[in-house]
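This report refers to the structure that appears directly beneath it.
We did not get these values from a lab; they are worked out from the coordinates using the rules stated. Note that the structure is predicted; figures quoted are calculated from it, not measured. A quick note on method: Cβ atoms are made from the backbone with ideal geometry, for glycine too, and the neighbour counts reach across all protein chains shown.
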Amino acid sequence: MLRQLPLVALLCLLTCPAALRAAPPPPADVLALMEKAADWQIANPSKHATTDWTQAAYYAGAMALAEISKSPRFHDAMLKMGEGNQWKLGARPYHGDDHAVAQTYTELYFKHKDPKMLAPTIAGFDYVMTHPLDENLAFIGKQKNDRWAWCDVLFMAPPAFVRLAVATGNKSYTDYMVDHWWKTSAYLYDKDEHLYYRDSTYFDKREANGKKMFWSRGNGWVIAGLVRVLQYLPKDHPARAKFEQQFKEMSARLLELQQPDGFWHASLLDPVSFPIQETSGTGFDCYGLAWGVNTGLLDKAKYQPAVEKAWAAITSCLQPDGKLTHVQPIGADPKKFDENGTEVYGIGAFLLAGREIYRMGVEK
């Protein structure tokens with residue numbers, strides 16, 4: 001079989017490093033899988049509120065799909081969602097989960113330039129900034145979710161603030177985001193492990209093997225949040241280098257923790273205790289590393305094989321009808337779950353990852 005190859009191709013196959021011979025899936029195949037998953041989600045709508053964080057993660061993925069699909073149906077579904085919500089945030093003024101939907105509102109604004117798409121978000125974010133709370137990040141009490149006191153929030157709120165800054169030209173939204181990101185990081189980021197605790201209640205918890213408890217999807221939220229901040233943070237912003245450094249640190253650690261099956265299991269440091277394959281954390285990690293390769297922040301030869309392995313792992317859980325399985329349900333920590341389960345944010349992670357895999361193939 002090798003003798004049938006052209007001489008140049010044969011020499012490359014025999015002498016080039018494996019990482020250089022690796023190739024991302026054909027973009028058309030990636031797009032087809034993304035559309036299948038999104039169509040399944042549209043046909044099987046989530047029962048969560050349409051301003052909920054679970055839905056917002058899916059909306060982010062749907063917008064990524066709308067960028068590359070020839071069909072307007074995904075963009076139109078997001079426009080219908082925004083109009084149905086009257087462009088409002090969730091009901092809790094300080095809760096980062098209720099800010100996440102603004103990421104999609106602002107991205108739709110970039111396309112349509114309709115001020116009504118931003119008005120409720122501007123009012124909501126202005127209120128938060130002009131009525132500051134104390135900065136106690138301990139995850140206790142009734143107001144524990146009113147500060148950026150858990151790692152998931154770094155996907156939910158900061159990307160919305162930085163997008164609004166770009167949409168309005170008001171840098172105060174970026175200033176607020178940068179200040180609060182690094183306060184949360186100083187509190188929850190383990191500088192030895194280069195991973196985030198879910199919240200302060202996990203500082204002293206340990207897995208069955210005695211290691212610290214770092215939740216896969218929790219850190220997936222953060223690496224994806226870093227991507228979605230860096231996408232809109234100005235190149236010359238004084239804090240950009242610091243964000244890029246944390247992105248590189250976390251990416252290097254995640255690369256070490258990827259399992260032979262291509263997944264990141266629910267517990268990053270004790271995958272043996274949680275052997276079930278998990279697609280939502282893996283999806284966000286795949287998205288983060290793929291974006292890093294595509295932007296040149298991460299070394300292609302080192303990271304692209306891991307990205308392709310992760311994508312193959314996730315797509316193995318996509319059913320013929322487009323349902324994505326092996327999604328850990330809503331929670332705050334590693335836990336066992338029904339491997340046939342799905343959730344709307346899992347589709348969001350899949351679509352975000354797919355967008356970068358598609359980009360990787362096109363640019364190749």
**Study point:** Spin-label model distance (nm) - Arg73 vs Ala208, 7 Å beyond Cα toward Cβ
**Key:** 4.4
Exercise for review: Mind listing the long-range amide H neighbours of Leu195? Cut-off is under 5 Å, sequence gap 5 or more, other chains count too, H placed in the peptide plane at 1.01 Å from N.
Suggested key: Asp190
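Shape of the chain from its Cα gyration tensor (a ≥ b ≥ c, root eigenvalues): rounded if a/c is under 1.5, otherwise prolate when a/b > b/c, or oblate? Don't jump to the answer; show the numbers that get you there.
Working: a/c = 1.57, a/b = 1.30, b/c = 1.20.
Cα axes put the chain in the prolate bin.
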Check your understanding: Once you put a point 7 Å from the Cα of Lys336 and another 7 Å from the Cα of Asp39, both along the Cβ direction, what distance in nm separates them?
Key -> 3.7
Point to revise | Likely footprinting exposure, Ser280, Ser267, Ser273, fewest C-beta neighbours within 10 Å first | key: Ser273, Ser267, Ser280
Point to revise | Label-point gap, in nm, between Arg240 and His48 - each point 7 angstrom along Cα→Cβ | key: 3.2
Review point. When the Karplus curve 6.51 cos²θ - 1.76 cosθ + 1.60 is applied with θ = phi - 60°, which whole-Hz ³J(HN,Hα) does each residue of the stretch 34-48 get, with x for Gly and Pro?
Key: 4, 5, 4, 5, 5, 5, 4, 5, 5, 6, 10, x, 5, 8, 5
Practice item. Choose one of Trp221, Gln86, Val307: the residue whose Cα lies farthest towards the positive end of the charge dipole of the chain (beta-carbon charges +1 Lys, Arg; -1 Asp, Glu; about the Cα centre). Key: Val307
Review point. Hey, if you put +1 on the Cβ of every Lys and Arg and -1 on every Asp and Glu Cβ in the stretch 78-154, which of His99, Trp150, Tyr109 ends up farthest toward the positive end of that dipole?
Key: Tyr109
**Study point:** Among Gly341, Ser46, Val272 - extreme Cα towards positive end, dipole of the stretch 25-363, charges at beta-carbon
**Key:** Ser46
Check your understanding: Based on Cβ point charges of +1 for Lys and Arg and -1 for Asp and Glu, what charge dipole magnitude is obtained for the chain about its Cα centre, in debye rounded to the nearest 20?
Key -> 520
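With n ≥ 4 as the cut-off for DSSP H runs, can you work out [θ] at 222 nm for the chain, using -39500 (n - 2.57) per run divided by the number of residues, rounded to the nearest 500? All intermediate terms of the calculation are to be shown ahead of the outcome.
Values: 15 runs with 199 residues, N = 364.
It comes out at -17500 deg cm²/dmol, rounded to the nearest 500.
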Review point. For the stretch 25-141, with only Lys/Arg (+1) and Asp/Glu (-1) charged at the beta-carbon, what is the dipole magnitude about the Cα centre, in debye rounded to 20?
Key: 380
Review point. By a straight-distance test (C-alpha under 12 Å), which aspartates and glutamates pair with Lys309 as possible cross-link partners, with residues fewer than eight away in the same chain excluded?
Key: Asp261, Asp285
Practice item. Please list, or write none, the lysines whose alpha carbon is within less than 18 Å of the alpha carbon of Lys111, excluding same-chain residues fewer than 8 places away. Key: Lys70, Lys80
Exercise for review: Please state the charge dipole magnitude for the stretch 224-343, taken about the Cα centre, from unit charges on C-beta atoms (+1 on K and R, -1 on D and E), reported in debye and rounded to the nearest 20.
Suggested key: 460
Exercise for review: Determine the alpha carbon to alpha carbon distance for each of Lys183/Lys211; Lys116/Lys242; Lys144/Lys242; Lys113/Lys323; Lys88/Lys302; Lys88/Lys364 and list only those over 31 Å.
Suggested key: Lys116/Lys242; Lys113/Lys323; Lys88/Lys302; Lys88/Lys364
Review point. Please identify the trypsin sites (Lys or Arg not before Pro) of the stretch 204-259 that satisfy two criteria: DSSP loop assignment and at most 12 other Cβ atoms within 10 Å. Which are they?
Key: Lys205, Lys235
